[in-house]
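Have a look at the structure below, then the notes.
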Amino acid sequence: MQDGKRQGGKGAVYQVMCPDTGRIGVVWVPDGEPAPAQPAVDPEVLARRAVDSMRLDGPDVASPRPGGKYTVGVPMWLWVNQGENTYGPATATASAGDVTVTATAKVTQIRWTMGDGTTVACAGPGTPYRGSQSMANSPDCGHRYTRTSSGQPGDRFPLTATSTWTIAWEVAAGEPAGDAGEWTETRDSTIGVRVGEVQVLN
């Protein structure tokens, strides 16, 4: 390297890494000058890197089924399958220098936009329906359509389930020890729901 400060002098070459970008550079420091300070590591940046590695996804909707046929006025039970990447909890770590951050993500709410102008907010994954429950309402997460999906695109209501992921992180190793934080992110899934009138046979 041709560098006027380096030619004819003595010094040392330092490798410098930027934790935010992962880029690595080289710095020449002549004798008698202080070595470059180690850049501070932002633990929240590491936490977000850990969350990116989790590949969090929208709800895995179990009910209603996209291929199902539902009836006006009949209770619809809403629930989701609980996978690590679709409901949590999911945990991952990320490190830079001597700092390691652990992040844990889990779904704390699911909002169901039913496609008929109503929204249902549920704090949990919902309760799976069993045939023995007959016409009972869901104990924690359900809906009743009051009109058919006729005239909607594909004759189906566009139902969107949006999960709120709460992410908590903490410094597991390095400084600042005990540092921690929290934020939320959302993911969604959309399906079509066919709703018709009850069929009466004479």
- Taking amide hydrogens as modeled 1.01 Å from N in the peptide plane, which residues meet the under 5 Å criterion relative to S63, leaving out close sequence neighbours? W79
- What ranking do 133-141, 114-122, 159-167 get when scored by the average of other Cβ atoms within 10 Å per residue, highest first? 159-167, 114-122, 133-141
- Rounded to whole Å², per residue accessible area for segment 115-202 with a 1.4 Å probe reads 59 Å²
- Item | Protection proxy ranking of 61-68, 73-80 - average other beta-carbon atoms within 10 Å, highest first | 73-80, 61-68
- Item | FRET E, pair T184, D52, Förster distance 25 Å, beta-carbon r, rounded to 0.05 | 0.95
- Item | Note, ³J(HN,Hα) from phi for segment 157-166, Karplus 6.51, -1.76, 1.60, rounded to Hz, x at Gly and Pro | 6, x, 9, 10, 9, 10, 9, 9, 8, 9
- Task: Please sort 182-188, 53-59 by packing, taking for each peptide the average over its residues of neighbouring beta carbons within 10 angstrom, highest first.
- Result: 53-59, 182-188
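The values are calculated or read from the model by the stated rules, or taken from the named source; none is laboratory data. Fair warning: this is a prediction, and the values are worked out from it, not measured in the lab. We place every Cβ from the backbone using ideal geometry, glycine too, and count neighbours over all the protein chains shown. Ligands, DNA and RNA are excluded from the accessible area calculation, which covers all protein heavy atoms including side chains. Shrake-Rupley method; radii C 1.70, N 1.55, O 1.52, S 1.80 Å.
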